[in-house]
Amino acid sequence: MARKRWSLDTDRMTRKRIPSPAERMPVVKNKILILGIGNDILTDDGIGPRLCDFLRERFSDALADFEKLNVGGLEILEFIDGYETVVIIDAIKTAGGRVGDVYLLTPDHFRETRHLSNIHDTSFITALEFGRSLEFRIPGKIFIIAVEIREDMVFSDTFTRELAERYGEIRENVLKYIEELVPELSGSRKDHQTAR
């Protein structure tokens with residue numbers, strides 16, 4: 001049996017022009033982005049999005065944008081492009097870590113979090129370097145608040161018992177970090193003390 005040869009019909013193909021950095025500029029409402037990363041149906045992995053919702057309830061969205069993602073690596077570049085300050089909240093698993101502990105990290109002393117080091121994609125540090133080479137407007141200040149978790153491979157929209165028991169403490173620790181890292185948000189706290 002003879003092999004069929006495939007050829008491209010170049011007359012029907014259209015060329016896509018890659019937009020310049022100015023053309024791909026997203027509409028950035030604020031200078032600050034709070035970004036919760038994780039999958040809220042994978043047990044403790046949903047800590048980032050849940051904390052993002054909590055912070056959205058606590059602060060006025062007139063000063064910061066609040067977004068949730070379940071991706072990492074290169075895909076995060078589009079979300080942080082154009083902001084001056086980005087605070088990423090993500091899950092982390094460390095050897096000997098205690099579930100519910102909260103760590104403050106920066107790209108300079110980066111430790112691998114669950115989504116910022118996507119093994120199927122690229123690390124966050126590599127993504128930042130790549131973004132700079134493509135003229136993305138990388139934020140001048142990037143902070144990572146990482147929460148130690150137990151389980152991220154089981155489908156459930158509730159936390160493990162260990163994380164749930166410390167959730168109130170985690171919220172307060174994250175709130176303190178946010179007010180230290182982004183002091184301009186402190187004046188925009190809403191009066192009500194809602195819990196999620």
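Read-outs: derived from the displayed coordinates by stated rules, not from any lab. Here the structure is a predicted model, which is why all the values come from computation and not from measurement. Ideal geometry is used to build each Cβ from the backbone, glycine not excepted, and the neighbour counts take in all protein chains shown.
Given the convex hull over the Cα atoms of the range 32-185, what projected area results after averaging over all orientations, in nm²?
Numbers: hull surface 34.1 nm².
The directionally averaged projection comes out at 8.5 nm².
Compute the FRET efficiency between VAL154 and THR94 as 1/(1 + (r/R0)^6), taking r as their Cβ-Cβ distance and R0 = 22 Å, and round to the nearest 0.05.
0.70
Run the simple label-point estimate for ASP101 and ARG137 please: 7 Å along Cα→C-beta, distance reported in nm.
Modelled inter-label distance: 3.8 nm.
Between LYS176 and SER188, how many nm apart are label points set 7 Å from Cα along the C-beta direction?
Once both label points are built, they end up 2.3 nm from each other.
Find how much the distance from LEU63 to GLU75 grows on full extension, using 0.36 nm per residue of separation minus their present alpha carbon separation; answer in nm with one decimal.
Details: separation 12, 0.36 × 12 = 4.32 nm, distance 2.41 nm.
So the extension gain works out to 1.9 nm.
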